[in-house]
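Colleague: I have a structure here, written as structure tokens, and I will follow up with some questions on it.
Read-outs: derived from the displayed coordinates by stated rules, not from any lab. Keep in mind that what you see is a predicted model, and the values were worked out from it rather than measured. Cβ atoms come from the backbone with ideal geometry, glycine included; neighbour counts cover every protein chain shown.
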Amino acid sequence: MSEDHHESETHVLMFPCPAQGHINCMLQLAELLVLSDIHVTVLNTEHIHQRLLRFAEIPSRLAAYPTLHFKTFSDGLPSDDPRRQEDYVGEQIKQVNLMAMPRLREICVEASGKPRFSCIIADGIFGRLTNEVGQELGIPVVYFRTISACSFWAYFCAPRLFESNELPIRGEQDMDRMITSIPGMENLVRCRDLPSFFRANHKSHIPLEPVVFETHQSLRAQALILNTFEDLEGPVLSQIRHHFPRFYALGPLHAHLNSRKATKTMSSETSPPSFESSLWEVDRSCMTWLDAQQPKSVVYVSFGSITKISRDELMEIWHGLVNSKKRFLWVIRPGMLSEKEGQDPPMDLVEGTKERGRMVGWAPQKEVLAHVAIGGFMTHCGWNSTLEGVAAGVPMMCWPYFADQQINSRYVSEVWKIGLEMKDVCDRKLVEEMVNDLMVERRQEFEKSTQAMATLAKTSVREGGSSYSDFDRFVQFLKSAREIDGSLFMK
């Protein structure tokens, strides 16, 4: 696709982290911008782009988006490298940082020497990298953090926690100590609810310092975006605004995109198809299976694109689901198990699954959550999944794995009260109890709270809603970005 455009047109470069969850919401934002007459170029690794070409039907959909383009760069790894998704937040992020710099410089400058883009919208994980390129070329930079506001704010406040001696965490005996020094979330989270990188011995082996460093790089950008909404994380958003004069809460982005496209359709404009940004092949047979189930009778189980589970954990969750006697749809992602296949599963699990369950490699999650048969969502509490559950009004059972998932699950269970959590344990009895609590014993309670939050989510992305209005302000910012004083955010 040609990228020729008039100098008066607003053209942004988007640079997502090469992982499923980050790409999902970045492409949703890209669609929203294109629908608002902004040209967008997305820069992906060659590996990610090839997977999108294979599973997301990009060539057939680009015809509907003549102002959306894709560029690629090599991540420096051989083509046969497995590129395990769980490594992208560690060593492979360093690799991408190293390899992306020359390509960013190259595509950001036209042959005439002028900057090609009016703005760079970068995943906040690449804060230092994109800030250097932006400053060097005179291009304003916007950071898009794809995590929750409560997680972003916890990272931002980490230095304060060390100064007040609330950190470091001093072993298992310290995990239930309440944190009191994070403004806007005083006495809401315990040590075990902080993002996993606060734990020195966490299995991800990712130190806290670089995560906090990249978070504070956001202060050097000309604007900050989060995929959240006012009625969900208002107290935290109020605190963030003290530090970020240009801040935009645009979420839930998937619902926001649907809202804007519905408006265009009602005004007799053609609504282009949405991108399916899956990096795995979607098994749509699960939708036919759901069609045959009773309303609110199925527990949907998915732990996202990064979570690894052991065979013992698999067995505990499987036993809990089967023992609950409830129907379940379970996504077992290729490569999700942390070890090779062991012995055959017990016959009672096989028979129980055959009678009441369905397992698939990957599912169209937003469609699944919107299906009338779904009554509960067992999730790792990644931010995209959490927002999708919120917007669908589906109560959640949280089993967080790492990063922001720990604090997200705390907010689901104790702040928003739209679900339950099973943190730092994996127990079949607890799984069984949570399923029955959500689907039977406390069903009315959770239906009331989840539907109320879903209504607030939908209201936020309709005309006049907080996220709708923030997006309109953000578009105006982008259209005048080159005139913005770049010193505003410098600290």
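Colleague: So for the stretch 404-443, what are the equivalent ellipsoid semi-axes in whole Å, largest first, each being the square root of 5 times an eigenvalue of the Cα gyration tensor? Don't skip to the end; give the middle numbers.
Modeller: On the way: eigenvalues 65, 42, 5 Å².
Square roots of five times the eigenvalues give 18, 14, 5 Å.
Colleague: A further question follows. With charges only on Cβ, +1 for K and R and -1 for D and E, what is the dipole size of the chain about its Cα centre, in debye, rounded to 20? Each step should come with its number before you reach the end.
Modeller: Numbers: 53 positive and 63 negative charges, 92 e Å.
Charge dipole of the chain: 440 debye, to the nearest 20.
Colleague: Return the subset of 326/417; 261/308; 261/354 for which the Cα-Cα distance in this structure is over 31 Å, preserving the input order.
Modeller: Long pairs (Cα-Cα over 31 Å): 261/308; 261/354.
Colleague: Calculate I(q)/I(0) for the stretch 285-457 by the Debye formula, one identical point scatterer on each C-alpha and no solvent, and give its log10 at q = 0.13, 0.19, 0.20 Å⁻¹ to two decimals.
Modeller: -0.57, -1.32, -1.49
Colleague: Report D for the stretch 275-323 in µm² per second (integer): Stokes-Einstein, Kirkwood Rh on Cα pairs, 25 °C, 0.890 mPa s.
Modeller: The Stokes-Einstein estimate is 182 µm²/s.
Colleague: Residues of the stretch 324-363 with backbone nitrogen within less than 17 Å of a virtual label 7 Å along the Cα-to-Cβ line of residue 372, please, listed as ranges.
Modeller: none
Colleague: Just want the ordering: 164, 259, from fewest to most Cβ atoms lying within 10 Å of their own Cβ.
Modeller: Details: 164 13, 259 20.
The most exposed by this proxy come first: 164, 259.
Colleague: Let me ask something else about it. With +1 assigned to the C-beta of every Lys and Arg and -1 to the C-beta of every Asp and Glu, and no other charges, what is the dipole magnitude of the stretch 285-457 about the Cα centre in debye, to the nearest 20? Spell out each step's value before the answer.
Modeller: Working: 20 positive and 23 negative charges, 74 e Å.
Rounded to the nearest 20 debye, it is 360 debye.
Colleague: So what is the calculated 222 nm ellipticity per residue for the chain, using -39500 (n - 2.57) for each DSSP H run with n of 4 or more, over all residues, to the nearest 500 deg cm²/dmol?
Modeller: Helices in the chain give a 222 nm mean residue ellipticity of -12500 deg cm²/dmol.
Colleague: Hey, what does the equivalent ellipsoid look like for the stretch 94-169, semi-axes from the Cα gyration tensor as sqrt of 5 times each eigenvalue, largest first, whole Å? Let's see the in-between values first.
Modeller: Working: eigenvalues 214, 31, 22 Å².
Semi-axes from the Cα gyration tensor: 33, 12, 10 Å.
Colleague: In square nanometres, what is the average projected area of the Cα convex hull of the stretch 101-244?
Modeller: Here the figure is 9.7 nm², rounded to one decimal.
Colleague: Next up: Using a basic spin-label model with each label point 7 Å from the Cα along Cα→Cβ, how many nm lie between residue 128 and residue 216?
Modeller: Here the answer is 1.2 nm between the modelled labels.
Colleague: How much of the DSSP beta bridge set in the chain is antiparallel, as a percent to the nearest 5?
Modeller: Taking every DSSP beta bridge within the chain, about 5 percent pair in antiparallel fashion.
Colleague: Over all pairs of distinct alpha carbons, what does the Kirkwood formula give as the hydrodynamic radius of the chain, in Å? Please list the in-between numbers first.
Modeller: Working: mean 1/r = 0.0430 Å⁻¹.
The answer is 23.3 Å.
Colleague: Okay, next question. Write out the GluC sites (Glu not before Pro) in the stretch 331-391 meeting two conditions: DSSP loop, and at most 13 other Cβ atoms within 10 Å of their Cβ.
Modeller: Those satisfying the criteria are 339, 341.
Colleague: Can you pull out the chymotrypsin sites (Phe, Trp or Tyr not before Pro) in the stretch 276-318 that DSSP calls coil and that have at most 14 other Cβ atoms within 10 Å?
Modeller: Nothing satisfies the criteria.
Colleague: Okay, moving on. For the stretch 144-204, would you read off the P(r) tail past 14 Å as a percentage of all alpha carbon pairs?
Modeller: Numbers: 983 of 1830 pairs.
Across the stretch 144-204, Cα pairs with separations above 14 Å total 54 percent.
Colleague: Within 10 Å of each residue's Cβ, count the other Cβ atoms and sort 15, 477, 126 from fewest upward.
Modeller: With the sparsest Cβ surroundings first, the list reads 477, 126, 15.
Colleague: Among 107, 225, which comes first, second and so on when ranked by fewest other beta-carbon atoms within 10 Å? Walk me through the intermediate numbers first.
Modeller: Working: 107 17, 225 26.
If I rank by nearby Cβ atoms, fewest first, I get 107, 225.
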